[in-house]
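Peer 1: One structure, pasted below without further comment.
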Amino acid sequence: MAFDWHSDPITRLTPLDAHYRNTQNVRRFLQEHCGEAFRFDRDFMAWIRSGAPADMGAVVDEWCRRKQGKC
């Protein structure tokens, strides 16, 4: 059964899969971990879909790195 990006609970250990979507559930998770200033942008979304991150923890860490540790 595929992970439901719309409603399943997301943790830093949640693996990214071929069905990943930028949903409101994902946005809430990232705002919780990255702060209210979190926003998706095209470069960041492309990086997520590139296959580079293995899990949502890596997504959080990359956003913080791009924002120079402002999480």
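The values are calculated or read from the model by the stated rules, or taken from the named source; none is laboratory data. Since the structure is predicted, the reported quantities are computational estimates derived from the model, not experimental observations. Please note: Cβ atoms are built from the backbone with ideal geometry, for glycine as well, and neighbour counts cover all protein chains shown. Note: accessible area is taken over every heavy atom of the protein model, side chains too, but ligands, DNA and RNA are not part of it. Shrake-Rupley method; radii C 1.70, N 1.55, O 1.52, S 1.80 Å.
Peer 1: Which whole-number value in Å² is the accessible area per residue of the chain, probe 1.4 Å?
Peer 2: I get 66 Å² per residue for this part.
Peer 1: I need the calculated FRET efficiency for the pair Ala46 and Thr11, taking r as the beta carbon distance and R₀ as 30 Å, to the nearest 0.05.
Peer 2: 0.80
Peer 1: Right, next: Using amide H atoms built 1.01 Å from N in the peptide plane, name the residues 5+ places from Asp55, or on other chains, whose amide H lies under 5 Å from its own.
Peer 2: Result for Asp55 returns Leu16.
Peer 1: Leaving out ligands, DNA and RNA, and with a 1.4 Å probe, what % of the accessible surface on the chain is carbon or sulfur?
Peer 2: 50
Peer 1: If contacts are Cα pairs under 8 angstrom and at least 6 residues apart, what is the relative contact order of the chain in percent?
Peer 2: 39
Peer 1: With the calculation restricted to Cα positions, what are the radius of gyration and Dmax of the chain in angstrom?
Peer 2: Rg then Dmax for the chain, in Å: 11.3, 37.
Peer 1: Nearest 20 debye, what's the magnitude of the dipole of segment 1-46 about its Cα centre given +1 on Lys and Arg Cβ and -1 on Asp and Glu Cβ?
Peer 2: 80
Peer 1: Additional query: Can you give me the angle between helix 24-34 and the longest principal axis of the chain, using Cα atoms only, in degrees from 0 to 90, rounded to the nearest 10?
Peer 2: Its long axis makes an angle of about 40 degrees.
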